[in-house]
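Student: Structure incoming, see below.
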Amino acid sequence: MLHRRYYHNEFIFWRPAVATEHLEGEEPAYRSYYPRAGCGLRATLERIVRDYALATPFEDLRRDLRSVVRARPSLQIQVLASLFIRNKAAYVVGKIVNGSEEVPFAVPILRDARGELHLDTLLLDTDRLVVLFSFARAYFFVDMEVPAATVSFLRQLMPKKPRAELYTCVGLAKQGKTMFYRDLFYHLKHSTDQFELAPGIKGMVMLVFTLPSFPYVFKVIRDRFAPPKEMDRQTVLDKYLLVKMHDRVGRMADTLEYSLVALPLERFAPELLEELKAEAASNIEFEDDRIVIKHMYIERRMQPLNLYLEEAMRDRETARVRQVLHDYGDAIKELAGAGIFPGDMLLKNFGVTRHERVVFYDYDEIAYMTDCNFRRIPPPRSIEDEMATEPYYSIGPCDVFPEQFAQFLVTGAESRALFLERHADLMDPQFWAGKQARVRAGEQEDVFPYPEDIRFRR
């Protein structure tokens with residue numbers, strides 16, 4: 001009954017005959033406020049915050065509003081009617097309208113150690129919001145009567161962000177998948193380039209290909225995993241599900257998972273077809289003029305970190321190399337703080353986004369921090385131990401030896417020195433044990449989707 005011969009794109013995922021983009025609810029999706037004589041900007045801002053009717057008291061709302069006013073005054077303010085809630089923050093999202101100028105903004109509301117609320121900063125401009133709504137972060141919780149109206153408003157703030165990603169960001173992942181599928185086939189209809197193997201070092205577990213004119217990669221699990229990989233297909237599926245359900249703290253790429261996707265055979269480069277037949281034959285079948293991929297993941301395309309560094313080193317851009325290597329270490333630390341040990345932390349398993357942020361995307365060896373046993377390498381007992389080609393000490397299945405990280409995380413003396421400027425502590429087992437203890441204690445570390453230096457002083 002569920003075989004592909006009984007259903008086709010015309011009946012699933014495809015665009016409806018009746019438009020559903022502009023359904024209206026009883027309450028408007030956003031509220032408008034007009035600072036005017038006798039009311040004033042600060043009073044209007046206070047009214048905006050009070051209208052959310054938060055039960056928790058503010059520590060000092062008037063002080064916070066003075067910080068907002070100093071950051072940006074204007075004439076009209078439109079805010080979405082629901083807060084955007086994620087991790088420890090709730091965000092007011094809207095735009096400032098000053099004549100023909102429109103400036104998008106978001107204001108995070110945080111709770112302090114006493115349980116009181118405060119406004120933490122003012123995020124202005126589209127780039128700040130795009131990072132806030134990044135594909136590498138967990139989805140928001142949003143109370144929306146008409147999701148299409150909320151997404152339409154967000155599109156005004158971030159016009160280059162696809163609707164599919166916005167639906168996914170606000171927690172409607174299935175609608176996001178539906179719209180992405182439509183966008184993919186619309187793009188195929190209006191383009192002529194071919195799917196090809198993705199640039200970078202080939203993965204041992206995933207066969208990765210891309211369409212150069214479309215900013216995504218397509219990942220198919222290989223039939224056989226090259227040594228030293230020791231796992232099965234189900235383990236890989238479980239790891240990707242773990243990432244989907246876990247807090248990604250802006251450091252792990254979201255994935256869209258699809259089954260039985262029929263793509264035009266003529267759009268596949270011969271080299272890619274041969275690779276699929278040789279390495280993933282069980283995951284494909286051919287149907288007339290299409291290739292049907294039985295299961296795959298789709299992610300935003302990024303430049304592999306190893307290729308990014310090669311390019312920057314070749315151009316002798318030391319400041320750029322330092323910045324991205326420091327962010328690479330920050331990514332590892334933030335994942336550890338969220339309870340995730342990346343496992344295979346080689347440069348090739350990280351990518352660099354267009355905002356120059358380092359994001360992890362290879363999940364087959366990730367583990368919970370609490371499942372790892374971080375150990376020091378015991379001192380050699382004899383000269384034979386020192387000269388041995390194999391480890392002279394026992395190694396359990398969950399043992400991790402951070403002292404070895406310096407040998408493979410960053411190669412090349414110059415790059416390694418730049419990395420260790422900020423992240424030498426990653427080589428210390430005590431650092432990892434401390435992170436592990438905080439995770440076990442239920443402590444959730446602060447990871448802000450904006451720079452520390454723009455936070456308001458309190």
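Student: Do you know which residues across segment 175-232 are in contact with a Phe, Trp or Tyr (Cβ under 8 Å, 6 or more places away or on another chain), over 18 Å from Ala280 (Cβ atoms) and touching a residue at least 24 places away in the same chain (Cβ under 8 Å)?
Tutor: Gln175, Gly176, Lys177, Thr178, Tyr181, Arg182, Leu184, His187
Student: Hey, does segment 141-160 have a residue that's more than 22 Å from Ile77 (Cβ to Cβ), of a type in the set (S, T, N, Q) and at pLDDT 90 or above?
Tutor: No, segment 141-160 contains no residue that is more than 22 Å from Ile77 (Cβ to Cβ), of a type in the set (S, T, N, Q) and at pLDDT 90 or above.
Student: Which one of Arg42, Arg63 is at pLDDT 90 or above, surrounded by 13 or more Cβ atoms within 10 Å (Cβ to Cβ) and in a helix (DSSP H, G or I)?
Tutor: Just one listed residue meets the conditions, Arg63.
Student: Every residue in segment 342-385 that is crowded, with 19+ Cβ neighbours inside 10 Å, more than 25 Å from Ala437 (Cα to Cα) and of a type in the set (Val, Ile, Thr), please.
Tutor: Hits for segment 342-385 are Val352, Thr353, Val358.
Student: Could we say that Phe408 is in contact (Cβ under 8 Å) with a residue 24 or more places away in the chain, surrounded by 13 or more Cβ atoms within 10 Å (Cβ to Cβ), over 30 Å from Val107 (Cα atoms) and not charged (D, E, K, R) here?
Tutor: Considered against the rule, which asks whether it is in contact (Cβ under 8 Å) with a residue 24 or more places away in the chain, surrounded by 13 or more Cβ atoms within 10 Å (Cβ to Cβ), over 30 Å from Val107 (Cα atoms) and not charged (D, E, K, R), Phe408 comes out as no.
Student: While we're on this one: Output yes when any residue across segment 126-147 is part of a strand (DSSP E or B), under 23 Å from the mean Cα position of the chain (by Cα), among the hydrophobic types (A, V, I, L, M, F, W, C) and buried (at least 20 other Cβ atoms within 10 Å of the Cβ), and no when none is.
Tutor: Taking every residue of segment 126-147 in turn, none turns out to be part of a strand (DSSP E or B), under 23 Å from the mean Cα position of the chain (by Cα), among the hydrophobic types (A, V, I, L, M, F, W, C) and buried (at least 20 other Cβ atoms within 10 Å of the Cβ).
Student: Report every pair of residues separated by at least 6 positions or lying on different chains whose Cβ atoms are under 9 Å apart, first residue within segment 432-444 and farther than 17 Å from Val249 by Cα, second charged (D, E, K, R) and modelled with pLDDT under 95.
Tutor: Ala437/Glu443
Residue-by-condition table, conditions (1) in a helix (DSSP H, G or I); (2) within 16 Å of the chain's Cα centre (by Cα); (3) not assigned by TED's automatic domain parsing to the domain that holds Val130:
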residue: Val151; (1), (2), (3): yes, no, no
residue: Lys160; (1), (2), (3): no, no, no
residue: Ala164; (1), (2), (3): yes, yes, no
residue: Gly176; (1), (2), (3): yes, yes, yes
residue: Met179; (1), (2), (3): yes, no, yes
residue: Asp183; (1), (2), (3): yes, no, yes
residue: Ile201; (1), (2), (3): no, no, yes
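Student: Further question: I'd like to check something: does segment 342-354 contain any residue that is charged (D, E, K, R), closer than 17 Å to Gly250 by Cβ and modelled with pLDDT under 95?
Tutor: yes
The values are calculated or read from the model by the stated rules, or taken from the named source; none is laboratory data. Remember, it's a predicted structure, so these values are computed and weren't measured experimentally. Neighbour counts run over all protein chains shown; Cβ positions are idealised from the backbone, glycine included.
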